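**Q** Once you've had a glance at the structure underneath, I'll fire off some questions.
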Amino acid sequence: VFFLVWKWPECECNKAPTQASLSLSLPVVSLATDGMLLYCFDVQQGPCMDAGICCDMDLYKVEFEADEQCRGSVAYVTVSGKVQAPVFQTSPYVALKINRIYASADEVDGLHLCVALRPASPCTTMEQLCGDRLCTY
């Protein structure tokens, strides 16, 4: 079973449900016409119980904690259908980054993000990409 949790990485904003209004849906998995396995998420904007700067934040990037062995397993990412090269960071922590989102707080609800994994690679599932543990973002 695949779950997403919000406690990583340490950021300026506390991403707990009562502190920030943004979260990701569970993934929808499909096979792309190019043979890649797509894991797609919708950005969801929910209520924020505590007023603060994190309640109405813009979205510039999403990071998934990743396993370093998976470098090269991500073919591309998409932001609302627009293809981007993946960014795989190894320092100061290992992460798959979806950059250049640039969505304001009033545009972010329903934004569609996808990660395309290569079928013949060290990591062919998001579970493997996340190090065979809960995927954290």
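**Q** Considering only segment 44-65, how many residues are closer than 19 Å to residue 116 by Cβ, open to solvent by 20 Å² or more (accessible area, probe 1.4 Å) and in a strand (DSSP E or B)?
**A** Looking only at that region, the number is 1.
**Q** Hey, another quick one. Could you figure out which of (1) out of contact with any Asp or Glu (no Cβ under 8 Å at 6 or more places or on another chain); (2) over 13 Å from residue 65 (Cβ atoms); (3) in a strand (DSSP E or B) isn't true of residue 113?
**A** (1)
**Q** Do we have any residue at all in segment 66-74 that's in a loop (DSSP other than H, G, I, E, B), at pLDDT 95 or above, buried (at least 17 other Cβ atoms within 10 Å of the Cβ) and of a type in the set (Ser, Thr, Tyr)?
**A** Yes: one or more hits.
**Q** Give me the pairs: first residue in segment 21-43 and closer than 16 Å to residue 127 by Cα, second residue of a type in the set (Ser, Thr, Tyr) and modelled with pLDDT under 95, beta-carbon distance under 6 Å, and six or more apart or on different chains, which are they?
**A** Going by the 6 Å Cβ cut-off, the qualifying pairs are 41/25.
**Q** Assess whether residue 35 counts as being on the phi > 0 side of the Ramachandran plot and open to solvent by less than 50 Å² (accessible area, probe 1.4 Å).
**A** So residue 35 passes the test.
**Q** Have a look at 23, 91, 30 and point out the one that is touching a Gly at 6+ places or on another chain (Cβ under 7 Å), at pLDDT 75 or above and either open to solvent by 30 Å² or more (accessible area, probe 1.4 Å) or outside any loop (DSSP other than H, G, I, E, B) (or both).
**A** From the options 23, 91, 30, the qualifying one is 23.
The values are calculated or read from the model by the stated rules, or taken from the named source; none is laboratory data. The shown structure was predicted, so the numbers you read here are calculated from the model rather than taken from an experiment. So basically every Cβ, Gly included, is an ideal-geometry build from the backbone, and we count neighbours across all protein chains shown. The area values use the complete protein model at the heavy-atom level, side chains included, leaving out ligands, DNA and RNA. Shrake-Rupley method; radii C 1.70, N 1.55, O 1.52, S 1.80 Å.
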